[in-house]
Amino acid sequence: MIRKQVVLFLLILNCLDLIGQDIRVNYQATDRALIQVLKDLEKDHNVHFAFSPKQLKGKRVTIEAQNQDLDEFLRQMLRPLQLEHTRVETEFISVTTPESVFLRAQIVDGESGESLPFASVRLKDTYNGSVADVDGNLNLVIDEPLGAVLQFSFIGYETFEMNMEGYENKDRIKIELSPETQELQEYVIREYLNNGITTDDRASKITIKPQEMEILPGLSERDILLSAQILAGINSNDESASGMNVRGSSRDNTFIYWNNIPIYQPAHYFGNISAFIPSTVREVDIYKNHIPVKYSGASSALVLVKSGRERVEKPEFETNLNLTHLDFYGKVPFLKDQGSIMFGARRSFNDLIETPTFTALSNKLFEGSITQDIQQSIDEEFRYNSKLTFSDFNLKWIYEPSGKNRFSLSAIRSGSVLDYNSVDEFEVFESVQNHEVTNFGLNIQWDHRWGERLQTNLSASYSAYNMDYSLVEFREVGEDDDDRESRTNELRNLEIRLSNDYAIAKDHVLNFGYQMNLMDATLLIDEDLFFEEDETDNIASRGFIHGAFVDYTGKFSPKFQIGLGMRANYYETAATTVFDPQLRLTYEVNKNWLLKSSIGKYTQYLSAIQDADFTFSNTVEQHWVLADEEETVPLITNFQTVLGFLYDKNGWLVDFDVYYKFVDGIMAQNFGPSFNVGEGNEPGDEGILGIDLILKKKWKNYRAWLSYGFQDSRANLFIYEEDGFPILEAENFTSGLNIRHQLQFSQTLNMNQFEFSLGYTAKSGLPFTGATNLILVTEPEEDEDPEEFEPYYIIEYGESNTSRLSWYHRVDLSVWYKFPRIKSSKIRGEVGLSILNVLNRRNVLNRTIDFDFDENDNITLIQREKYLLGITPNISLRLKF
């Protein structure tokens, strides 16, 4: 035994002696690449070098050494090249410039301390990065530490940011990543359209990450709602950011959250500019094949907007200026590394300076043409002044005292104001419209991880929406004694949601919880009549909505996954309980082919009355109303089935869905002006059969994709009087939102600091109901007083929605340029140029029929057309510091 101990002791001494020995070098090279010399030394002497290929690129050496100490050899070789070396360990050496920083780190789980194999690190705002080894170890040289921020990431964990300026630690440090509290399941993320537009391994949602997103056609900045419209099945019939028509449904059938706060005014300038400041948004999740059962209120699609959630070590700021507004964003650390505070603010300035972008938006909002006798089109002649302003502010506070608890507070406010005045060509009559909208929201959230199998999310939100506007039509200039109409729409929503995720076993997760909403919605329509008695109409509802939900997701094999969900809601205002089940199936044929399907029922309790008449703008106003027991406002239900596949291989991506939707509870007046009879709220239904297709190919830095959507939507509407006599019977007619064909071709190219994009969109025109005759009614109805009767005209319409507007065509382009990093400056930036409708094509927004006096004082039919955007340039400048 003693002999064995002595032998072991001698072996240890021998090893220590070997370690302590100097490494002697015998080497000769003539005009050899420095990188290759270092590789030769690694091979001959069992050492390892860490360096930045960028710093060593192009450097060549001529050197000869005989039995020379390694450190002396490296000093002799590197000093003339303005490089230096540092022996970090006996066998590990870094080669850097004097201003470089060398980082040795191990990336670990912040709770368990276990290493995270193959975790990644990226230099923020660049594509440069590296991957850790199987033990989570990473050795990295940062060329220019001034202003450099590293982002450490791993699937299922929060991204951690580390500022490298002034970093001098030579020892190996631990980077602790906190597990995400959103999902217990692990997802594989795949590129969908570009690096910032992705989908998960089961294609259940599309995620847009504005800070990572590459260029898209027509965007000078990363507007998230406009970016979403590049996806198949999502378009805007009025070219607005907020007017998202998902698979043929009305825009109010898509529900939007910001940090769990319900948003009822998602855009400004009557929907043309998103109300979400791009720099404040971390990611946007879009659900259109199914809607997760823990969310209630959407019947067609769900959009979840999420702001930043990362911890920061040093303050960071960003500002953006374009031709409509200026915004500012900042994030600062809170209690060292335990949290952060993020805030953003924005204001338009076109009330001070009129730009080409604002002029184009104003033309879209207010200008159009009229056609007398449905023969000759002329531009409407009037002068108008419009003052359009908007502002936004949002705030998020994050506090994470441990890896198991996270607290956050979010607040958002957006507002817009329109003051409009128009005067006829003779300056005798004027029309006035005043319009103000505000949306405020607050959320408090607690995330707790009880262990590896259970986590809880408790969220409490309050949202307040106010819209006030009034209109006076054709009064004498300067007078204030004419009829005035006004609309006031107020909505309050207190929402509390408790959601739990429980991992039953590996790849088997149960989500369950409860949601309560206290809703209060009021729509006040007031007519202040000068010669007649004032009229007031008030649609008001207030009540609780209680919902319980449970959802199971499980993999029964590596290829097959099933999702089963059920939500039960009790609507106090409608005095009814509704059950919404759903089933989701995916089958991974191989790593390239995925089959997917879903079937579900979705109920919507909050609807928007579409009002295109009470406004001088070319947009459709939305008035939010709550479903009630008297069925003044009906519940909307959508029974939806989707079947499709996803193919992803060698840069090719094909995403194909065929779907059928049956939507019930659509208010009559939302089908169009020709259906606005009776009360206008009678429910109708429509069936929508459609196809969505994305075909994309990626060649290195070039991407091209084709997006195609097909819809065949048929609607039914039957309106009866109380005695059962039919007022209107319309069966199997084309829905007013039907875009039968839509085709988009987009392409992007990245070249060094430049990004280029060009896109073309073509789609069928919207359907409308044409007029066939103008009839003079000369005799009273049976219930009318003959002595008070006066003859009047009515328009006789043809068959419902059998006519269509002309095809829509638009070409868009954009260019982004990222400024190169400057060693002595902390400022990073980019500039963007975009042009919408490059060819300045006149696309028709809508066509309406009315009657008026012609130039000979004869009553005639008048056809009015409103147009979409003409050529619209924009420029943006984005700076980070």
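The values are calculated or read from the model by the stated rules, or taken from the named source; none is laboratory data. Keep in mind the model is a prediction, meaning the values are calculated, not measured. Every residue, glycine among them, receives a Cβ derived from its backbone with ideal geometry; neighbour counts consider all protein chains shown. For accessibility, only protein heavy atoms count, side chains too; no ligands or nucleic acids. Shrake-Rupley method; radii C 1.70, N 1.55, O 1.52, S 1.80 Å.
Things to note:
- For segment 427-469, the set of residues classified as open to solvent by less than 70 Å² (accessible area, probe 1.4 Å), closer than 30 Å to D528 by Cα and modelled with pLDDT of 80 or more consists of N434, H435, V437, T438, N439, A464, Y465, N466, M467, Y469, listed by residue number.
- Hits in segment 833-881 - residues which are modelled with pLDDT of 90 or more, open to solvent by 40 Å² or more (accessible area, probe 1.4 Å) and assigned to a loop (DSSP other than H, G, I, E, B): V838, L839, N840, R841, R842, I871
- Top-ranked residue in segment 649-667 [being part of a strand (DSSP E or B) and out of contact with any strand residue (DSSP E or B) (no Cβ under 6 Å at 6 or more places or on another chain); ranked as surrounded by the fewest Cβ atoms within 10 Å (Cβ to Cβ)]: K649
- Hey, P558 loosely packed, with under 14 Cβ neighbours inside 10 Å and out of contact with any Asp or Glu (no Cβ under 9 Å at 6 or more places or on another chain) or not: no
- Test result for E830, more than 22 Å from F366 (Cα to Cα), without any contact (Cβ under 8 Å) to a residue 60 or more places away in the chain, buried (at least 18 other Cβ atoms within 10 Å of the Cβ) and among the charged types (D, E, K, R): yes
- Applying the condition of being more than 30 Å from K306 (Cβ to Cβ) and either among the charged types (D, E, K, R) or modelled with pLDDT of 90 or more (or both) to segment 344-354 and asking which residue is surrounded by the fewest Cβ atoms within 10 Å (Cβ to Cβ) yields E354.
- Filter result for the condition that a residue is modelled with pLDDT under 75, crowded, with 17+ Cβ neighbours inside 10 Å and in a strand (DSSP E or B), over S414, S386: S386
- Residue match in segment 757-775 (condition: assigned to a strand (DSSP E or B), open to solvent by less than 30 Å² (accessible area, probe 1.4 Å), more than 30 Å from E239 (Cα to Cα) and of a type outside the set (S, T, N, Q)): no
- The number of residues in segment 77-90 being open to solvent by less than 90 Å² (accessible area, probe 1.4 Å) and more than 16 Å from I35 (Cβ to Cβ) comes to 5.
- Residue match in segment 557-578 (condition: within 24 Å of the chain's Cα centre (by Cα), under 30 Å from V509 (Cβ atoms) and part of a strand (DSSP E or B)): no
- Checking every residue in segment 439-446 against the condition of being out of contact with any helix residue (DSSP H, G or I) (no Cβ under 6 Å at 6 or more places or on another chain) and closer than 27 Å to F358 by Cβ gives at least one match.
This table checks each residue for (1) open to solvent by less than 30 Å² (accessible area, probe 1.4 Å); (2) closer than 24 Å to N322 by Cα; (3) modelled with pLDDT of 85 or more; (4) in a strand (DSSP E or B).
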| site | (1), (2), (3), (4) |
| --- | --- |
| F358 | yes, yes, yes, no |
| N363 | no, yes, no, no |
| I378 | no, no, no, yes |
| S422 | yes, no, no, yes |
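- Any hit, segment 234-249, residues being under 22 Å from L877 (Cα atoms) and of a type outside the set (A, V, I, L, M): no
- Residue among R32, R122, R104 that is within 22 Å of D133 (Cα to Cα), open to solvent by 30 Å² or more (accessible area, probe 1.4 Å), charged (D, E, K, R) and not in a helix (DSSP H, G or I): R122
- The one condition from (1) assigned to a helix (DSSP H, G or I); (2) under 54 Å from the mean Cα position of the chain (by Cα) that D44 does not meet is (2).
- Taking segment 40-71 as the range and being more than 17 Å from S100 (Cα to Cα) and in contact with an Asp or Glu (Cβ under 9 Å, 6 or more places away or on another chain) as the test, the residues that pass are H45, N46, V47, H48, R60, V61, T62, A65, D69, L70, D71.
- Residues located in segment 579-598, provided they are assigned to a strand (DSSP E or B), of a type in the set (A, V, I, L, M) and either at pLDDT below 95 or over 27 Å from the mean Cα position of the chain (by Cα) (or both): L594
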